[in-house]
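J.: Sharing a structure, written as structure tokens. Questions coming.
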Amino acid sequence: MPLVTTKEMFKKAYEGGYAIGAFNVNNMEIVQGITRAAKKLNAPVILQCSAGARKYASHDYLVAMVKAAAEETGLPIALHLDHGPDFETCKSCIDGGFTSVMIDGSSLPYEENIALTKKVVDYAHEHGCVVEGELGTLAGVEDDVQVDSDAASYTRPEEVFDFVSRTGVDSLAIAIGTSHGAYKFKPGQKPQLRFDILKAVEEKLPGFPIVLHGASSVNQEHIKLINKFGGEMPDAIGIPEEMLRKAASMAVCKINVDSDIRIAMTAALRKHLTENPTHFDPRQYLTPARNLIEEVVAHKIEVVFGSKDKA
Ligand code: G3H
Ligand code: 13P
Ligand code: ZN
């Protein structure tokens, strides 16, 4: 099946009260781990690549791997640019086979965010591609950019209608207390999300798909495995699964996950290499890593996002 946009997926997800998983991909094992889980559960899925992923794996390899996965599984799969930093990067992805792009103008002044986002939307829509914009800034780490929690700001519901109508975006990422990376809350801090903001956004934009970034849950068993086999990860707290379920039942149609995949992969690799010190064939240690990614993604689809059997 050819790659699809997120248009139809989001419409069904909004109406059905579930969300589509959007997973970051950087190499073949990650693409396969995710899409094997999606195939097993007959779920639509979004595979997304950051600017860093394009730098690491190269645009052409990523597109070819995601297209191969869509062909092999026959599932509706969208290929999305995650956190597009500028017009040129978005254009290069639109011209080069992506079906969806995010333009992340969230750190710009409001009017500049609108102008940049609209420029990307105009180009994308002429080329059959959809666009995600962002209002509000998340704390955390993306590539080399670190936004600490004091500099992060929640989305202002009073701005969302103006932003969406003036830019023409197809979906909107909002900041309600999630953040990027494995350390979303300070040790001992109780995880909290501003569902009041999500509700207010939903009321301003009825039927419009909302996106949640920074939504990894951080599996404590995987952190324990990493540390048992030589890692030194400090205590990490993610977004509780019941909060993600609640968001998915509301206007959130796309939930972004990267850190959970990184942590699973690292846990499986550390365990395998420590338990099998003589192994040096990458297929031996990448197989458990790919299997654990599959397990993590299957759990999200079935238990957390509710997208099983929605393909
Ligand atoms: O939100 C950011 C994603 O986790 C991608 O991270 O820019 O390090 O590839 P990256
Ligand atoms: P996590 O770091 O919580 O996995 O968030 C990923 C993300 O938002 C990608 O855009
Ligand atoms: Zn993000």
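J.: Quick one: is I237 more than 16 Å from ligand 1 (Cβ to nearest atom), part of a loop (DSSP other than H, G, I, E, B) and among the β-branched types (V, I, T)?
T.: Yes; evaluated as a whole, the condition is true for this residue.
J.: Let me confirm something: among G214, G128, G168, which residue is of a type outside the set (D, E, K, R), within 16 Å of the chain's Cα centre (by Cα) and at pLDDT 95 or above?
T.: G214
J.: What's the number of the condition H222 fails, among (1) surrounded by fewer than 20 Cβ atoms within 10 Å (Cβ to Cβ); (2) part of a helix (DSSP H, G or I)?
T.: So the condition that H222 fails would be (1).
J.: Checking C49 against (1) open to solvent by 10 Å² or more (accessible area, probe 1.4 Å); (2) within 16 Å of ligand 1 (Cβ to nearest atom), which test does it fail?
T.: (1)
J.: If I filter region 60-78 down to residues being within 23 Å of S259 (Cβ to Cβ) and more than 16 Å from ligand 3 (Cβ to nearest atom), which single residue comes out as farthest from the chain's Cα centre (by Cα)?
T.: My answer is Y61.
J.: Can I46 be described as closer than 19 Å to T99 by Cα, within 14 Å of the chain's Cα centre (by Cα) and assigned to a helix (DSSP H, G or I)?
T.: no
J.: Can you name the residue in region 184-198 that is outside any loop (DSSP other than H, G, I, E, B) and in contact (Cβ under 8 Å) with a residue 40 or more places away in the chain and, of all such residues, is most open to solvent (accessible area, probe 1.4 Å)?
T.: So, considering only residues that are outside any loop (DSSP other than H, G, I, E, B) and in contact (Cβ under 8 Å) with a residue 40 or more places away in the chain, the one most open to solvent (accessible area, probe 1.4 Å) is F195.
J.: Would you be able to say whether some residue in region 270-290 is away from ligand 3 (no atom under 16 Å from the Cβ), free of Cβ contacts under 8 Å to residues at least 60 places away in the same chain and in contact with a Gly (Cβ under 7 Å, 6 or more places away or on another chain)?
T.: There is at least one residue in region 270-290 that is away from ligand 3 (no atom under 16 Å from the Cβ), free of Cβ contacts under 8 Å to residues at least 60 places away in the same chain and in contact with a Gly (Cβ under 7 Å, 6 or more places away or on another chain).
J.: Additional query: Any residue in region 34-62 that's among the hydroxyl-bearing types (S, T, Y): show its pairings with residues that are in a strand (DSSP E or B) and open to solvent by 30 Å² or more (accessible area, probe 1.4 Å) at Cβ separation under 8 Å, as long as the two are six or more apart or on different chains.
T.: S50/E142
J.: While we're on this one: Only residues in region 150-176 that are part of a helix (DSSP H, G or I) count as the first member; pair them with residues that are among the charged types (D, E, K, R) and modelled with pLDDT of 95 or more, Cβ under 7 angstrom, at least 6 apart or cross-chain, and list the lot.
T.: Cβ pairs passing all conditions: P157/K204; V160/K204; F161/K204; R166/K118; T167/K118.
J.: Would you call V211 under 18 Å from I301 (Cα atoms), outside any loop (DSSP other than H, G, I, E, B) and open to solvent by less than 10 Å² (accessible area, probe 1.4 Å)?
T.: Considered against the rule, which asks whether it is under 18 Å from I301 (Cα atoms), outside any loop (DSSP other than H, G, I, E, B) and open to solvent by less than 10 Å² (accessible area, probe 1.4 Å), V211 comes out as yes.
J.: Can you find a residue in region 249-269 that is in a helix (DSSP H, G or I), open to solvent by 20 Å² or more (accessible area, probe 1.4 Å), without any contact (Cβ under 8 Å) to a residue 40 or more places away in the chain and away from ligand 1 (no atom under 14 Å from the Cβ)?
T.: yes
J.: Could you tell me which of the residues T117, T89, T99 is in contact (Cβ under 8 Å) with a residue 60 or more places away in the chain and hydroxyl-bearing (S, T, Y)?
T.: T99
J.: Report the residue count in region 11-28 for those that are surrounded by 19 or more Cβ atoms within 10 Å (Cβ to Cβ) and part of a helix (DSSP H, G or I).
T.: Summing the residues that are surrounded by 19 or more Cβ atoms within 10 Å (Cβ to Cβ) and part of a helix (DSSP H, G or I) in region 11-28 gives 2.
J.: Given the condition within 16 Å of ligand 1 (Cβ to nearest atom), of a type in the set (A, V, I, L, M) and touching a helix residue (DSSP H, G or I) at 6+ places or on another chain (Cβ under 6 Å), answer yes or no: does some residue in region 205-213 qualify?
T.: Yes - at least one qualifying residue is present in region 205-213.
J.: Residues that are under 22 Å from V164 (Cα atoms) and either acidic (D, E) or open to solvent by 70 Å² or more (accessible area, probe 1.4 Å) (or both): does region 57-80 have at least one?
T.: Looking through region 57-80, none of the residues is under 22 Å from V164 (Cα atoms) and either acidic (D, E) or open to solvent by 70 Å² or more (accessible area, probe 1.4 Å) (or both).
The values are calculated or read from the model by the stated rules, or taken from the named source; none is laboratory data. Keep in mind that what you see is a predicted model, and the values were worked out from it rather than measured. Cβ sites come from the backbone with ideal geometry, for glycine too, and all protein chains shown count toward neighbours. With ligands, DNA and RNA removed, areas are computed over all heavy atoms of the protein, side chains included. Shrake-Rupley method; radii C 1.70, N 1.55, O 1.52, S 1.80 Å.
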